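Everything on this sheet refers to the single structure shown next.
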Amino acid sequence: MNTKSESQTVRTSPQLRLIGSVDEAMYAEFRDQLAAAPTEGPLVIAITTLGGNPEVARTMADDVRLLREPGREIYFLGKSAVYSAGATFMAGFPVSYRYMTKNSSLLIHERQITRTINLSGPLKSCTDQLHAALNEIEHSIDIEEQGFRDIVEGSNVTFEEVQNRAPENWYIGCEEAKQLGLICDIV
């Protein structure tokens, strides 16, 4: 970028605009908009979301990582609400490429599960069902912790701090996110 004004214009002129739940439909829209976006130069992805599927968010973030690897500049622009899976998507961008609009906020929390386990049959098969559920939970915790490490990398927030704050649904306004170094700037 040549000037601050040119840099500001790039960050506030998203080529991809995503709004709504992070789900398979958003991923399809993301892929469609990405296919129609310019293939060279900076790319800005704006998102407003109250959350959704964290695995879809991780997939979108991985797509961004693969596009960045050859050296392409890709910016994140959080608008209004960047909650839950939106924060997971944001974690896929280096802090220096993360921006939020004025009066927007971020929500970081623990992954959640709702499951009823009905045990029926031989006792051995019951223990296998319980082990399978426990393995799923432990694997999801590992993924969650990696996501926490990704979102705080390069910021002033420690992994332990986000791990301690996440259970209480940590809402972070854009000004605080900037002070904590979770984003580069507010536009």
For this session: Mind listing whichever residues of region 35-63 are in contact with a strand residue (DSSP E or B) (Cβ under 8 Å, 6 or more places away or on another chain) and β-branched (Val, Ile, Thr)?
Result: 44, 45, 47, 48, 49, 56
For this session: Among the residues of region 151-167, write down those that are without any contact (Cβ under 8 Å) to a residue 24 or more places away in the chain and part of a helix (DSSP H, G or I).
Result: 159, 160, 161, 163, 164
Exercise. Based on what the data block shows, is residue 138 surrounded by 12 or more Cβ atoms within 10 Å (Cβ to Cβ) and not basic (Lys, Arg)?
Worked result: no
For this session: Considering each residue of region 141-177, count those that are among the small types (Gly, Ala, Ser) and open to solvent by 90 Å² or more (accessible area, probe 1.4 Å), and give that number.
Result: 0
Exercise. Does residue 6 count as assigned to a helix (DSSP H, G or I), at pLDDT 95 or above and of a type in the set (Asp, Glu)?
Worked result: no
Exercise. Within region 10-17, is there a residue that is assigned to a loop (DSSP other than H, G, I, E, B), modelled with pLDDT under 95 and of a type in the set (A, V, I, L, M)?
Worked result: no
Exercise. Hey, any hits in region 165-173 for a residue that's in contact with a strand residue (DSSP E or B) (Cβ under 9 Å, 6 or more places away or on another chain), charged (D, E, K, R) and over 25 Å from residue 46 (Cβ atoms)?
Worked result: yes
Exercise. Name the residues in region 33-44 that are outside any loop (DSSP other than H, G, I, E, B) and among the polar types (S, T, N, Q), would you?
Worked result: 33
Problem set entry | Hey, residue 172 farther than 21 Å from residue 53 by Cβ and in a strand (DSSP E or B) or not | yes
Exercise. Can you find a residue in region 109-122 that is within 26 Å of residue 184 (Cβ to Cβ), within 16 Å of the chain's Cα centre (by Cα) and at pLDDT 95 or above?
Worked result: yes
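The values are calculated or read from the model by the stated rules, or taken from the named source; none is laboratory data. Please read all numbers here as calculations on a predicted model, not as lab measurements. Don't worry about glycine lacking a Cβ; one is built from the backbone with ideal geometry, like all the others, and counts go over all protein chains shown. With ligands, DNA and RNA removed, areas are computed over all heavy atoms of the protein, side chains included. Shrake-Rupley method; radii C 1.70, N 1.55, O 1.52, S 1.80 Å.
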